[in-house]
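The values are calculated or read from the model by the stated rules, or taken from the named source; none is laboratory data. The structure displayed is predicted, hence computed values, not measured ones. We place every Cβ from the backbone using ideal geometry, glycine too, and count neighbours over all the protein chains shown.
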Amino acid sequence: MKKSIYFMALIAVLCTLSCKKKSQEKEPAYTCSTCMTTPEALAANDATNKGIYKGVVIGSTGTIKFNIANTGTTITAILVLDGVTANLTSTVAWTAGQAYTSAFTGKLGTADVSITFSVDATGTTPVISTSSIPGHPNTSFNLIKETSTNLIECFEGTYSTTKPETGTFNIVLSRTLRKFKGSSRTTGSTTSNPISGTIDSNNNLVEDGNIICLLSGDELNGSFTDNDGKKVTVKGKRTF
């Protein structure tokens, strides 16, 4: 009888140790398996407005990519909003040495979408001047041109504060240029707050001298104290 009790006690101890070990094991780091690891942009387009432009969207949440004749004459855009993809097309041809402006149209589900994209002749100032996305009013965009040596990455995330307050936190960045920009938007709001800054040598995202979060692989995590003394916690993952 005593042997049975000792045996059962030993099993219980081993189970406890095994469960404790499993609970202490860290989850594997997130990796965006569908994201590019090298630039799509061609070197021949680096100094022109031809090429690839990538960005993040807030008004819900998502990403967008413009292909302005990167490998030929095809001009298209791909918008992903809340996991739904819209393939957009343009009817305006690219002309060397001139600024490019065009409406890109298509459907998001069954809804008609129109987004007007503009960029100067050198490709340095891409903007969305107007957009019509039914069900997604007051959408904001942040774009960066990709070059043959400069991979552009898009991160979608959230923030929460001790105010309390929650919202969306989306950024687009370049590890090569050590820069980022994006927007945040409070849940329920229709306006976005711009975000921009640099990536320091420790891979911290820094805005106005304040560390916002850490860039680690395909993840963003961190917290900081805002101007009102409230703690802000940021989490995000690369999605494009």
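Of all positions in region 163-180, at least one carries a residue that is closer than 22 Å to Leu108 by Cα and under 15 Å from the mean Cα position of the chain (by Cα). Assess whether Ser189 counts as being hydroxyl-bearing (Ser, Thr, Tyr), assigned to a strand (DSSP E or B) and on the phi < 0 side of the Ramachandran plot. For Ser189, the condition - hydroxyl-bearing (Ser, Thr, Tyr), assigned to a strand (DSSP E or B) and on the phi < 0 side of the Ramachandran plot - is not met. When the residues of region 110-133 are filtered to those that are surrounded by 12 or more Cβ atoms within 10 Å (Cβ to Cβ) and over 22 Å from the mean Cα position of the chain (by Cα), the one that is farthest from Tyr53 (Cα to Cα) is Ala111.
Say we look at region 137-150 and pick out the residues that are crowded, with 20+ Cβ neighbours inside 10 Å and not hydroxyl-bearing (Ser, Thr, Tyr); which of these is nearest to Ile212 (Cα to Cα)? Result: Asn142. For region 106-144, taking the residues that are touching a Lys or Arg at 6+ places or on another chain (Cβ under 8 Å) and in contact (Cβ under 8 Å) with a residue 40 or more places away in the chain, the one that is farthest from Leu79 (Cα to Cα) is identified as Gly123. In region 82-92 there is at least one residue that is under 22 Å from Asn193 (Cβ atoms) and either over 12 Å from the mean Cα position of the chain (by Cα) or outside the structural domain of Gly188 (by TED's automatic domain parsing) (or both).
Any residue at all in region 166-182 that is in contact (Cβ under 8 Å) with a residue 12 or more places away in the chain, buried (at least 19 other Cβ atoms within 10 Å of the Cβ), aliphatic (A, V, I, L, M) and in a loop (DSSP other than H, G, I, E, B)? Checked against the condition, which is being in contact (Cβ under 8 Å) with a residue 12 or more places away in the chain, buried (at least 19 other Cβ atoms within 10 Å of the Cβ), aliphatic (A, V, I, L, M) and in a loop (DSSP other than H, G, I, E, B), region 166-182 yields no hits at all.
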